[in-house]
Amino acid sequence: MPIQCNNIGCKKSAILKRPKTSDKICKECFFQSFETEIHDTIVKNNLFHPGEKVAIAASGGKDSTVLAYILKLLNDRYNYNLNLFLLSVDEGITGYRDDSLETVKKNRDDYDIPLKILSYEELYGWSMDNIVKQVGRKNNCTFCGVFRRQALDRGAAILEADCLVTGHNADDIAETILMNILRGDISRLSRCTSIITMGENSIPRCKPLKYAYEKEIVMYAYFKKLHYFSTECIYSPEAYRGYVRSFLKNLEKIRPSAIIDIIYSGENISIRDDIVLPNRGICKKCGFISSQNICKACMLLEGLNRGLPKLGISKRHKRCKFWLEQCKHILICPQGSKMTSLGRTQHMIQIKESLFNSFL
């Protein structure tokens, strides 16, 4: 016997069970609930203002495809009066990104939203395929994540956007919270739950899908028959996030509300008053957002260009030690000088600091 939709007043048969609420509802009620929840998130958090140019980070995957579709839908339905643009980044991953960009182009045509594509090769002079050849598959996701975040900022600046929206969903944010807890990264933990993030003189980023479950995004795309790219990146199986994701999925099987509970916990974590968090400012080298004088993207790129790719991903003291070992031939006292042991040590320290600062 068919189960009736749980929504009051609806007499249709339920065809799905919402992972987020466990409600048994029909397809039409699911669409209405899902879209209304995202609209409420936008309104409650004051994400947009009329007349703004909004760049949508588009990868061709389920999250960005649903995000683009819904923003277009809600913009027309509720008269947000936004100018929407699709912004894609071509990392240069053969057999993966080139195919997904075809999906983005189809979304551009289907939703009638202008598209801008930037590439790592164009911005940094490196493709991910070439980076992986240099660093291997263990740390490649660090390079890709850092470069991609900055590439989106660069693209949004080129488009003169007022806001950059990303397709991060509830599962993504819960995973990030757990990763930052496991790493003991207080500064990132304190801001990873923010629905809007921004730094000094930077374009704000926001996450309209923050409270949307990944399973519901997939269901929405399936029932709406949206066209999206679902192949996993060929370089991601070894990513640290993958292990956290597996743990979270197992937790969700036992307690479906675990995802949203983790987000609420992250939002309400308080940090002791005596803990000093780094301020997000501007990189002195490239001018984009950074919590240090020199941003991570510039450090990674400098290492690649110098033929020392691992310098950007190693600890600070290890980078100093590595530079000293590489440059022993110049760590000598000036010819003909008579230095005490203390003077020799001070000389070496000065050169070490000079080398390290030149790298940064």
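How do the peptides 183-194, 244-255, 266-277, 61-72 rank, highest first, by the average count of neighbouring beta carbon atoms within 10 Å per residue? Mind dumping the intermediate values first?
Values: 183-194: 15.3, 244-255: 13.5, 266-277: 9.8, 61-72: 23.0.
Per-residue mean Cβ counts within 10 Å order the peptides as 61-72, 183-194, 244-255, 266-277.
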| query | In straight Cα distance, which aspartates and glutamates are under 20 Å from LYS224, not counting same-chain residues fewer than 8 positions off? | reply | ASP23, GLU28, GLU35, GLU37, ASP63, ASP76, GLU102, ASP109, ASP110, ASP112, GLU214, GLU216
| said: Counting only Cα atoms, I'd like the Rg/Rh figure for the stretch 167-234, Kirkwood definition for Rh. | reply: 1.05
| remark: Taking only the Cα positions of the stretch 77-230, the convex hull volume per residue in Å³ is 149
| task | Mind putting a number on the dipole of the chain about its Cα centre? Charges go on the C-beta only, +1 for Lys and Arg and -1 for Asp and Glu, and I need it in Debye to the nearest 20. | result | 1180
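Listed here are the pairs LYS27/LYS138; LYS11/LYS105; LYS12/LYS105; LYS12/LYS210; LYS24/LYS53; which of them are more than 32 Å apart at the Cα? Show your work: numbers first, answer last.
Details: LYS27/LYS138 42 Å; LYS11/LYS105 39 Å; LYS12/LYS105 36 Å; LYS12/LYS210 30 Å; LYS24/LYS53 38 Å.
Exceeds cut-off: LYS27/LYS138; LYS11/LYS105; LYS12/LYS105; LYS24/LYS53.
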| request: May I ask which of LYS106/LYS284; LYS249/LYS284; LYS225/LYS253 have a Cα-Cα span longer than 32 Å here? | output: LYS106/LYS284; LYS249/LYS284
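What does the net charge come to around LYS17 if you take all other residues with beta carbon closer than 11 Å to its beta carbon, with K and R at +1 and D and E at -1? Kindly include the intermediate steps, with their values, before the conclusion.
Numbers: positive: ARG18, LYS20, LYS24, LYS215; negative: ASP23, GLU216.
So the surrounding residues net to +2.
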| request: Compute the convex hull volume of the Cα atoms of the stretch 1-150, divide it by the residue count, and report the result per residue in Å³ as a whole number. | output: 172
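In whole Å and largest first, what semi-axes does the C-alpha gyration tensor of the chain yield when each eigenvalue is scaled by 5 and square-rooted? Mind showing how you got there, number by number?
Details: eigenvalues 401, 98, 76 Å².
Each semi-axis is the square root of five times an eigenvalue, giving 45, 22, 19 Å.
With a 1.4 Å probe and all protein chains left in place, how much accessible area per residue does the chain have, in Å²? Walk me through the intermediate numbers first.
Values: 19160 Å² over 360 residues.
Per-residue value: 53 Å².
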| message | Please compute the contact order of the stretch 16-268 in relative form: average sequence separation of alpha-carbon pairs under 8 Å and at least six residues apart, divided by the residue count, as a percent. | response | 24
| task | Take every DSSP beta bridge whose two residues both sit in the chain, then give the antiparallel share in percent to the nearest 5. | result | 30
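The values are calculated or read from the model by the stated rules, or taken from the named source; none is laboratory data. Being a predicted model, the structure only gives us computed values, none of them experimental. Neighbour counts run over all protein chains shown; Cβ positions are idealised from the backbone, glycine included. Side chains included, ligands, DNA and RNA excluded: accessible areas come from the protein's heavy atoms. Shrake-Rupley method; radii C 1.70, N 1.55, O 1.52, S 1.80 Å.
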